[in-house]
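The values are calculated or read from the model by the stated rules, or taken from the named source; none is laboratory data. The shown structure was predicted, so the numbers you read here are calculated from the model rather than taken from an experiment. Positions of Cβ are generated from backbone atoms using ideal geometry, with glycine treated the same way; all protein chains shown enter the neighbour counts.
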Amino acid sequence: KAGVTQTPRYLIKTRGQQVTLSCSPISGHRSVSWYQQTPGQGLQFLFEYFSETQRNKGNFPGRFSGRQFSNSRSEMNVSTLELGDSALYLCASSLLGLAGAADTQYFGPGTRLTVL
Amino acid sequence: AQRVTQPEKLLSVFKGAPVELKCNYSYSGSPELFWYVQYSRQRLQLLLRHISRESIKGFTADLNKGETSFHLKKPFAQEEDSAMYYCALRAGGSEKLVFGKGTKLTVNP
């Protein structure tokens, strides 16, 4: 079974631009979560989607947004980029049974965003 | 508030020595605890979770609710154990993981 895939793997943008990152979960997985990883702050939760609905959101400004499509693929968008947005953005998917029981999260390789 | 603390940023041991990576958490409810590992140039992957109580690659971790700890242990470290280890907490009803800052383990020959 193919793992979580993220595109693009590397991205360079300048301040003020916007960026869209994509995540394809493991086939059959319905939940997708996003994390930001930086050397200073470590891994921080951005948001979680299930069945095209945002179920949870981390403590990030409104410039960070996301969505999930009917095929469970997810995108996250960062508008008006700042230098501090440079980070590795990780996506994780989990199966999530009908009862809503939490399950193991499988991580993608990440998208390395550099803001100049 | 949910918080995970890994007090050691770096940990270096010799091959064959016991290793313990510390993790303490803060959460008022009943948490689910995990250890994730990231080997060089590989993606973050689950090592073990407290509810399964299994031993993976010789590692074990016991949840101590009294001390709010979930330390990771291995009796005899191997060079291939060198990696970044993250302790994580999940509160009920959400997929959100709260991670510690991680401990970089180096096992020397």
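Among residues belonging to the range A:79-93 that are among the small types (Gly, Ala, Ser) and part of a loop (DSSP other than H, G, I, E, B), point out the one that is nearest to residue B:41 (Cα to Cα). The extreme case among them is A:86.
When you go through B:27, B:36 one by one, which is the residue that is farther than 14 Å from residue B:91 by Cβ and either surrounded by fewer than 18 Cβ atoms within 10 Å (Cβ to Cβ) or among the hydroxyl-bearing types (Ser, Thr, Tyr) (or both)? Full working, then the answer.
Details: B:27 fails: farther than 14 Å from residue B:91 by Cβ.
The unique qualifying residue is B:36.
Among the residues making up the range B:77-109, those that are crowded, with 20+ Cβ neighbours inside 10 Å and within 11 Å of residue B:33 (Cβ to Cβ) are B:87, B:88, B:89, B:97, B:98, B:100. Comparison of B:55, B:12 shows that the only residue that is at pLDDT below 95, surrounded by fewer than 17 Cβ atoms within 10 Å (Cβ to Cβ), among the hydroxyl-bearing types (Ser, Thr, Tyr) and over 21 Å from residue A:91 (Cα atoms) is B:55. Taken over the range A:68-100, residues that are at pLDDT below 95, loosely packed, with under 14 Cβ neighbours inside 10 Å and either in contact with a Lys or Arg (Cβ under 6 Å, 6 or more places away or on another chain) or at the interface with another protein chain (Cβ under 10 Å from one of its Cβ atoms) (or both) amount to 1. When residues in the range B:63-104 are screened for being farther than 21 Å from residue A:41 by Cβ, within 13 Å of the chain's Cα centre (by Cα) and assigned to a strand (DSSP E or B), 4 of them pass. Could you please let me know if residue A:52 is of a type in the set (Asp, Glu), over 26 Å from residue B:42 (Cα atoms), surrounded by fewer than 18 Cβ atoms within 10 Å (Cβ to Cβ) and in contact (Cβ under 8 Å) with a residue 60 or more places away in the chain? No.
Select from the range B:2-51 the residues that are of a type in the set (Phe, Trp, Tyr) and away from chain A (no Cβ under 14 Å) and write down the one among them that is farthest from residue A:44 (Cα to Cα). It comes out as B:14.
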